[in-house]
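Report on the following structure.
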Amino acid sequence: MTIEELEQIAKSVSQENAKYDFEVNVCMDLACASQGAEKLRDALVKSAEAAGKSVLIRRTGCMGPCSSGPLVRVDPDDVLYKRVNAGNAEAIVGSLGGEPVPELQCDLSEHFEKQVRVVLENAGHIDPEKIDDYISRDGYKALLTALTEMTPNGVIHRITESGLRGRGGGGYPTGLKWGTVAKAGGDMKYVVCNGDEGDPGAFMDRSVMEGDPHRVIEGMALAAYAVGASKGFVYVRAEYPVAVARLTTGIREARRRGLLGNAICGTTFNFDIEIRLGAGAFVCGEETALLASIEGKRGTPKPRPPYPAVSGLFGKPTLINNVETYANIAPIVRNGGKWFASMGSDRSKGTKVFALTGKITHTGLVEVPMGIKLREIIEVIGGGVPGGHTFKAVQTGGPSGGCIPAEMLDLGVSYDALMKVGSIMGSGGMIVMDDTSCMVNVARFFVEFCMSESCGKCIPCRAGTAQMHTLLTRICLGKGTMEDLDLLVDLCGTIKETSLCGLGMTAPNPVLSTLKYFKNEYIEHIVNKRCPAGVCNIEAAVPAVPVEVLA
Amino acid sequence: MSTFIPPPLPSDDKRWKIVNGTMRKNGFARNALIETLHTVQSSFGYLDDDAITFVARSLRVPLSQAYGVVTFYHYFSLKPPGKHTLTVCAGTACYIKGADKLIAAAEKRLGIGQGQTTSDGKISLMVARCVGACSRAPVALSDGEVAGEMTGDLMLEQLERWAVE
């Protein structure tokens, strides 16, 4: 495969598409698919045939505003339809070439206006199972350009220049990490993609892997070229069967086109990717645990150093990045580091994809420039809290993050700003809570999660999370004392400072942040024996989610 | 040095050939343990002692280590699933929207706890850590089929349909 061949494919795809008068894109992501998008697509095909119109009906990845699904977008007019079912197919096909169907039209201009799409640029525009669709939107151009015109160091320089930081949540500068792996000696190096999206309430990586798998493959290949690796692994949750299927198809197609394999593009660069399935362990999102899991072992973390960049998978230098990080690579190499660095805030460049869920009008996937105010994400893009309720807090970073209260909504979203208020960027889950959510109960939910997901290797995490859970349960049941609060704070400090890996070190964050901003709710439970949100069943005294404590 | 000869297949059940295929594809390497266990579970529905022993011997992994891996990961099950499985998602978004109440209602109706199967082997009740369909929270899966905006009534209706089958 050469650049000329790539351009030829892109040209033939656009010629093929030009044969049709209209394009009808049907979102097939989980949320839309679970509401009958498949039937809808079949109905559209039938209606188009019956009407004798020349329509290209395409299945695409997530379009974004999942709460309005199933979604359909008609091009070239760029009309978005919401809550479409198979029964509407005839009306939509009938409207092609005329006026749009008014009752289905979806006006979300405010929702889309503030967004900037880099990672999601292809979402809703390509068929994820067709490599040619990806190629027609400049896919694999960055890889072939890099292979023929750039040195590995040149690629790393471009990534460093872009200011990209790890999108898995840690925020480690990507260019720096790549440089370390590139400098590491040895003839065998690995590139690993962390697709173990374990944060409950986050689904960005799933949507990227399902909706645009080649973007991840291209990013990994570029990384492999830059650091000198010849073998890659994608570690995906077994709970995401569609992502696994799409990646499998993607890898097969890329091999067939000579974009993976030996002597890619006639150069000496060899690279291939294998998929490894996770098996439901949150701790495997931690890099050393993830590597242990790829090696077929229990996913328990190891102390660092040595860092995986020096001694990782099978003891070889290994580069690990998150799905979204890899998804940013091709656009950066294509458009230059300066282009990327021109977006975002001072120390957090580019864009970030968030999964906006919870008590919010427009749930779904959004991609915003770093530095955007939380208020804009929640009130403008998300459409605010529905049902006449009032906003209470937004939770970022999953079980490792914290709850940010209403008074801090003017905070600009960046790694440092979120860290400062006691939360973290995390992988991008953003869960909105309103006055019907009890913050003590939310803290208990996350601690219960960390407790059952603790791998058990180090004591602070294994026993500490269980003790935190006991204290929080006691408070939720109205049996807590004020001394319990002091004990809780003390315990949080110990767990934070002495745990081995990120899971334990961040497990107290949900407790500390709710204690900081919503202490009155804790006091209300303890002193007045009442739950202000009416969630905790203080009378019945039965824990909502009973779990075995294995300390 | 004698060459390693993998143990014979436990029975002439064709599914063992699929399991063996996964191991062969990976050159009977020890690091293929999790991959192979996935194949066993997708073929048989669960992992029993015979299966774990067979895989451990074939890959030359100590039985203790294989058992350790099986019990470490939530995805692997040591018990056969019921004829139908109701999975309630308990991710954050679902929890905020009342997944705990759904779980409690299902437990009450079925008379079993999460992770258990009714005594007639008809229905298993599972709780998932997040299936990534957060925008449609609360979510429940009926035999793997995702259904969003789940209510207690809808869920109980499904359980009734399964119960009278």
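Each reported figure results from applying straightforward, stated rules to the coordinates on display, with no laboratory input. Worth saying up front: this structure is predicted, and the values here are computed from it rather than measured. Backbone-built Cβ (ideal geometry, glycine too); neighbour counts: all protein chains shown.
Some observations on this one:
- Among beta bridges from DSSP that stay inside the protein assembly as shown, the antiparallel ones total about 50%.
- Alpha-carbon centroids, the range A:442-458 and the range A:1-77: separation in whole Å: 42 Å
- Estimated D of the range A:16-110 in µm² per second, where Rh is the Kirkwood radius over Cα pairs and Stokes-Einstein applies at 20 °C, 1.002 mPa s: 165 µm²/s
- Neighbour counting of Cβ atoms within 10 Å sorts the residues A:Tyr522, A:Tyr326, A:Tyr172, A:Tyr307, fewest neighbours leading, into A:Tyr172, A:Tyr307, A:Tyr522, A:Tyr326.
- Between the beta carbons of B:Leu63 and A:Arg530, assuming R0 = 41 Å, the FRET efficiency works out to 0.15 to the nearest 0.05.
- For the range B:15-72, the gyration tensor built on C-alpha atoms gives an oblate shape. Its axis ratio a/c (a ≥ b ≥ c) is at least 1.5, and a/b is not larger than b/c.
- When each of A:Ser348, A:Ser95, B:Ser119, A:Ser342 is scored by the number of other beta-carbon atoms lying within 10 Å, the sequence from fewest to most is B:Ser119, A:Ser342, A:Ser95, A:Ser348.
- Sites B:Lys25 and A:Met188 - FRET efficiency at Förster radius 25 Å, r taken between beta-carbons, to 0.05: 0.75
- Cross-link partners of A:Lys479 among lysines (Cα-Cα below 24 Å; sequence separation of 8 or more within a chain): A:Lys516, A:Lys519, A:Lys529, B:Lys101
- Those residues of the range A:283-303 whose amide nitrogen sits under 14 Å from the label point placed on A:Thr180, 7 Å along Cα→Cβ: A:287-288, A:303
- The antiparallel fraction among DSSP beta bridges confined to the range A:351-432 stands at about 80%.
- Proximal aspartates and glutamates relative to A:Lys39, as straight alpha-carbon distance under 14 Å, when same-chain residues fewer than 8 apart are discounted: A:Asp29, A:Glu90
- Whether the protein assembly as shown is rounded, prolate or oblate, judged on the alpha carbon gyration tensor where a/c under 1.5 counts as rounded: rounded
- The range A:225-244 and the range B:12-30: distance between their alpha carbon centers, rounded to Å: 22 Å
- Cα long-axis angle, helix B:63-72 against chain B (0 to 90 degrees, to the nearest 10): 20 degrees
- Averaged over the residues of peptide A:424-436, the number of Cβ atoms from other protein chains lying within 10 Å of each residue's Cβ is 2.
- Shielding by partners, peptide A:291-304 (average Cβ within 10 angstrom, other chains): 4
- Within chain B, helix-based [θ] at 222 nm, where runs of 4 or more DSSP H residues each add -39,500 (n - 2.57), nearest 500: -13500 deg cm²/dmol
- Extension gain (nm, one decimal) between A:Asn85 and A:Asn262, 0.36 nm per residue minus Cα-Cα: 59.1 nm
- For B:Lys83, the lysines whose Cα falls under 20 Å of its own Cα, not counting residues fewer than eight places away in the same chain, are B:Lys108, B:Lys122.
- Database remark: amide H of A:Ala238 closer than 5 angstrom to the amide H of A:Gly278, A:Ala279, A:Gly280 (H placed geometrically; neighbours at sequence offset of 5 or more, or on other chains; Pro and chain starts carry no H).
- Exercise: per-residue mean of other protein chain Cβ atoms within 10 Å, B:93-104: 6
- Distance from the alpha carbon centroid of the range A:476-531 to that of the range A:336-364 works out to 31 angstrom.
- Computed from the C-beta positions of A:Asp486 and A:Asn520 and an R0 of 22 Å, the FRET efficiency is 0.85 to the nearest 0.05.
- Separation of the alpha carbons by more than 29 angstrom is noted, of A:Lys302/A:Lys373; A:Lys392/A:Lys457; A:Lys457/B:Lys14; A:Lys19/A:Lys338; A:Lys177/A:Lys231; A:Lys82/B:Lys97, for A:Lys302/A:Lys373; A:Lys392/A:Lys457; A:Lys457/B:Lys14; A:Lys19/A:Lys338.
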